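Student: Pasting a structure here, questions to come.
The values are calculated or read from the model by the stated rules, or taken from the named source; none is laboratory data. Keep in mind that what you see is a predicted model, and the values were worked out from it rather than measured. Here Cβ is always computed from backbone atoms with ideal geometry, including for glycine, and neighbour counts include all displayed protein chains. Areas reflect the complete protein model, heavy atoms only, side chains present, ligands, DNA and RNA absent. Shrake-Rupley method; radii C 1.70, N 1.55, O 1.52, S 1.80 Å.
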Amino acid sequence: MSVGYMEKLIVEGGVKLEGQVNISGFKNAAVAIIPASILSAGKCYIENIPHIRDVYLFKDIMQELGVDVELDENGTMMIDSSKLDKCCATYDLANKMRASYYLIGAGLGRFKEVEVAYPGGCNIGTRPIDQHIKGFEALGAKVEIEHGVIRCRAEKLVGAKIYLDVVSVGATINIMLAAVLAEGTTIIENAAKEPHVVDVANFLNMMGADVRGAGTDIIKIKGVDKLHGCTYSVIPDQIEAGTYMIAAAATGGDVLINNVIPKHLESITAKLKEMGVEVIEYGDSIRVKALDNLKSVDIKTLPYPGFPTDLQQPMTVLLSTADGTSVVTESIFEGRFKYVDELKRMGANIKVEGRVAVVEGVKRLSGARISVTDLRAGAAFIIAGLIAEGTTEIENIYHIDRGYEKVEEKFRKLGAKIKRIRD
Ligand code: EPU
């Protein structure tokens, strides 16, 4: 996928970030709400959609399926799936991104039949979808996987009680999508509580669904006959906000991060404070002001409201120059330490043993040529470049563009010396 993507980011280290940054709409909510919209044949207007590659890819996927989609400069996406009469996403489309699996829940919900190629995505671990499948089957669907394609069919979908064996954002959302038009009530137990689960539930309710309890570990979905179009605005990106918070702290800067929901950032705020960073919460913004000599802390990634796995990598970079030893435990994705080898090339002292990384703080990192392994590692490398001595050349930035809107523009506005070049 990255073949031919010859752009690089060049980062000069040593600048303290200062000023204000505005956070975009949440990627992981947008890539669920866009496919969820096909549950209704009415027109949906979705605001605060970030201009990122994953959104553009999803727009292409939807258009190939036969849906009318327009995205304007302000981030409002119009989706009209009234002409859609089936949902069939081929390998070429679905393999481009993980979130294409939401077409299974949405397509099954609307047409009671769907065919989607087995999803691709970031290289961070095995990423099974057994819990999604268990949910569809419980609702009465027959699920077959053949030649890399997932095919689900149901005479009718009937509400059921589904206990998730692992807390999964994807399975929780996908089951909600399949259940909103089912007969009777579906109960998801041990549901994921992430902010985007709540955002998708709110969107579904805005289309006329009856979903209650999202944000707790029991979600109740009463099936309705039909959904209608609506206008909805996506919540701010918790992970983008956390990335800028960590970047501000790492550079010893002072940054006001606007358009955030501080409640969604509590786990990051708590850890930064523990390290000695000043974090001040306002209504919809948060200020991060760092002093020198930050203290090491231990981190364990967990489902929300625990510390998000998507910020493990940026946080590890911050810890790489903190005073003392930190232990970082990755309990969600076993492959999410692959980027550490690149960080070591910048002088970080990190030992990885399975799901645990032991980070010995060093005085400073030094700029190097590094290659991005996945989206959040990319964000982490920008932060590493900002605190390193000298120049860092970041390759394979395709991954960063998947999920961060106007990344170099936003960092430059905060004073960073960062530019994009074509190789
Ligand atoms: N899992 C299973 N079976 C399943 C589903 C998940 O065992 O059927 C396991 C996974 O292997 C993992 C854990 O459950 O160990 C949690 O996975 P989850 O399903 O919650 O992850 P996801 O839905 O595939 C979303 C985000 C990820 C984010 C995780 C965790 C989207 C599109 N992706 O993935 O975001 O890391 O939740 O919060 O929403 C990113 O943005 O960089 C990213 C990777």
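Student: Kindly list the number of the only condition in (1) away from the ligand (no atom under 15 Å from the Cβ); (2) of a type outside the set (Gly, Ala, Ser); (3) within 16 Å of Pro303 (Cβ to Cβ) that fails for Ile219.
Tutor: Ile219 satisfies all of (1) away from the ligand (no atom under 15 Å from the Cβ); (2) of a type outside the set (Gly, Ala, Ser); (3) within 16 Å of Pro303 (Cβ to Cβ) except (1).
Student: Taking Lys220, is it assigned to a helix (DSSP H, G or I) and more than 30 Å from Gly14 (Cα to Cα)?
Tutor: So Lys220 fails the test.
Student: Taking the conditions exactly as written (of a type outside the set (Phe, Trp, Tyr), more than 13 Å from the ligand (Cβ to nearest atom), at pLDDT 95 or above and buried (at least 23 other Cβ atoms within 10 Å of the Cβ)), does Val200 satisfy them or not?
Tutor: Judged against the criteria, Val200 is not a match.
Student: Considering only the range 224-245, how many residues are of a type outside the set (A, V, I, L, M, F, W, C) and in contact with a Leu (Cβ under 6 Å, 6 or more places away or on another chain)?
Tutor: Looking only at that region, the number is 1.
Student: In addition: Grab the strands (runs of 3 or more DSSP E) fully contained in the range 25-109, keeping just those with 3 or more residues being of a type in the set (Gly, Ala, Ser), within 16 Å of the ligand (Cβ to nearest atom) and open to solvent by 10 Å² or more (accessible area, probe 1.4 Å).
Tutor: Correct list: empty, since no element meets the threshold.
Student: Mind listing whichever residues of the range 283-295 are part of a loop (DSSP other than H, G, I, E, B), in contact with a strand residue (DSSP E or B) (Cβ under 6 Å, 6 or more places away or on another chain) and surrounded by 18 or more Cβ atoms within 10 Å (Cβ to Cβ)?
Tutor: If the condition is that a residue be part of a loop (DSSP other than H, G, I, E, B), in contact with a strand residue (DSSP E or B) (Cβ under 6 Å, 6 or more places away or on another chain) and surrounded by 18 or more Cβ atoms within 10 Å (Cβ to Cβ), then no residue fits.
Student: Six or more apart or on different chains, Cβ under 7 Å: which pairs go from a residue in the range 271-296 that's closer than 19 Å to Pro308 by Cα to one that's open to solvent by 90 Å² or more (accessible area, probe 1.4 Å)? Could you list them?
Tutor: So the pair list comes out as Met275/Lys295; Val279/Lys273.
Student: Let me ask something additional. Confirm whether Ile162 is in a helix (DSSP H, G or I) and touching a strand residue (DSSP E or B) at 6+ places or on another chain (Cβ under 9 Å).
Tutor: So Ile162 fails the test.
Student: Across the range 232-273, what is the number of residues that are closer than 23 Å to Glu409 by Cα, in a strand (DSSP E or B) and open to solvent by 10 Å² or more (accessible area, probe 1.4 Å)?
Tutor: 4
Student: Continuing with the same structure: Can you find, within the range 13-23, the residue that is nearest to the ligand (Cβ to nearest atom) among those that are open to solvent by 10 Å² or more (accessible area, probe 1.4 Å) and closer than 30 Å to Val200 by Cβ?
Tutor: Asn22
Student: Could you tell me whether Lys193 is outside any strand (DSSP E or B), away from the ligand (no atom under 16 Å from the Cβ) and among the basic types (Lys, Arg)?
Tutor: So Lys193 fails the test.
Student: When the range 46-68 is examined, which residues are found to be under 22 Å from the mean Cα position of the chain (by Cα) and within 21 Å of Gly229 (Cβ to Cβ)?
Tutor: Ile46, Glu47, Asn48, Ile49, Val55, Phe58, Lys59, Ile61, Met62
Student: Sticking with this one: Could you please find all residues in the range 124-141 being within 10 Å of the ligand (Cβ to nearest atom) and not β-branched (Val, Ile, Thr)?
Tutor: Within the range 124-141, Gly125, Arg127, Pro128, Asp130, Gln131, His132, Lys134, Gly135 qualify.
Student: Shifting gears a bit: In the range 142-176, which residues are away from the ligand (no atom under 13 Å from the Cβ), open to solvent by less than 10 Å² (accessible area, probe 1.4 Å) and under 20 Å from Leu227 (Cα atoms)?
Tutor: Leu157
Student: Would you be able to say whether some residue in the range 124-133 is buried (at least 16 other Cβ atoms within 10 Å of the Cβ), in a helix (DSSP H, G or I) and out of contact with any strand residue (DSSP E or B) (no Cβ under 7 Å at 6 or more places or on another chain)?
Tutor: yes
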